[in-house]
Amino acid sequence: MPERDVTVGQLLLTEYQTVKDEQKTRIGFRDNLLYVTLTVVAAVIAAAAQAKQTAMLLALPPVCVVLGWTYLVNDQKISAIGAYVRGDLGPRLAELAAAEGGAIFRWETAHRADARRVSRKVTQCVVDLLAFCVVPLSALVVYWAGDDVSAGLAVVSVLEAVTVAGLGVCVVRYAVPFGTAYRT
């Protein structure tokens, strides 16, 4: 059997396919986190209402923070992959292929030029804040307004509020530079 020479171009194309597969997987996982969050929120609210125990709402902040942080980390990795393809891998392949104008994988940059991109990013930030921060903070307000607030759970709930607020800061800080290279 004759030996096959592997070219740098073949290796780069394989790397491209690998990182795009990872990006696709992360996008699916990230998007499902919103559905999981909505399901958990509905289940906890229904259980708390049925049991008439507002203290059960204290389960929402830690769950929303964990799911929100996981969502944010996956979104950052998705963006990092896009930035890597646009800024490193694509130009190396374009150079090897002697592409006219050095442009390959044009979709990696074309979708970023959409006139509504900033409004989509703002809307996504609002959705993320609603799902992962406003809902659990609302649950805390309902708990604090209830009749069965104990001193121990009040302390726990304040710590939960601080944690949720911290996640909110991270969501906004991540969303602020809408036009920078690390965002998709």
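Considering only Cα atoms, the convex hull volume of the stretch 39-148 works out to 103 Å³ per residue.
The order of the peptides 107-115, 126-134 by mean Cβ neighbours within 10 Å, most packed first, is 126-134, 107-115. Bridging of LYS77 to lysines at a Cα separation below 22 Å is possible for LYS20, LYS24, LYS121, once same-chain residues fewer than 8 apart are set aside. Taking 0.692 mPa s as the viscosity and 37 °C as the temperature, the Stokes-Einstein diffusion coefficient of the chain based on its alpha-carbon Kirkwood radius rounds to 171 µm²/s.
Carbon-plus-sulfur fraction of the accessible area of the chain, 1.4 Å probe, in percent? Don't jump to the answer; show the numbers that get you there.
On the way: 7290 of 10970 Å².
C and S fraction of accessible area: 66 percent.
Relative to its Kirkwood radius, the Cα radius of gyration of the stretch 1-92 gives an Rg/Rh of 1.31.
Rounded to the nearest 500, the 222 nm mean residue ellipticity of the chain from helices alone is -24000 deg cm²/dmol, with -39,500 (n - 2.57) taken per DSSP H run of at least 4 residues. In a DSSP loop and with at most 13 other Cβ atoms within 10 Å, the trypsin sites (Lys or Arg not before Pro) in the stretch 29-91 are LYS52. Contact order, relative form, for the chain: 32 percent (alpha carbon pairs under 8 Å, 6 or more residues apart, mean separation divided by residue count). For the pair the stretch 1-36 and the stretch 46-73, the centres of their Cα atoms are 35 angstrom apart. Taking the Kirkwood radius as Rh and the Cα radius of gyration as Rg, the stretch 41-94 has a ratio of Rg/Rh equal to 1.43.
The values are calculated or read from the model by the stated rules, or taken from the named source; none is laboratory data. On a predicted model such as this, the values are computed, not experimentally measured, just so you know. Ideal geometry is used to build each Cβ from the backbone, glycine not excepted, and the neighbour counts take in all protein chains shown. Surface accessibility is based on the protein's heavy atoms, side chains included, excluding ligands, DNA and RNA. Shrake-Rupley method; radii C 1.70, N 1.55, O 1.52, S 1.80 Å.
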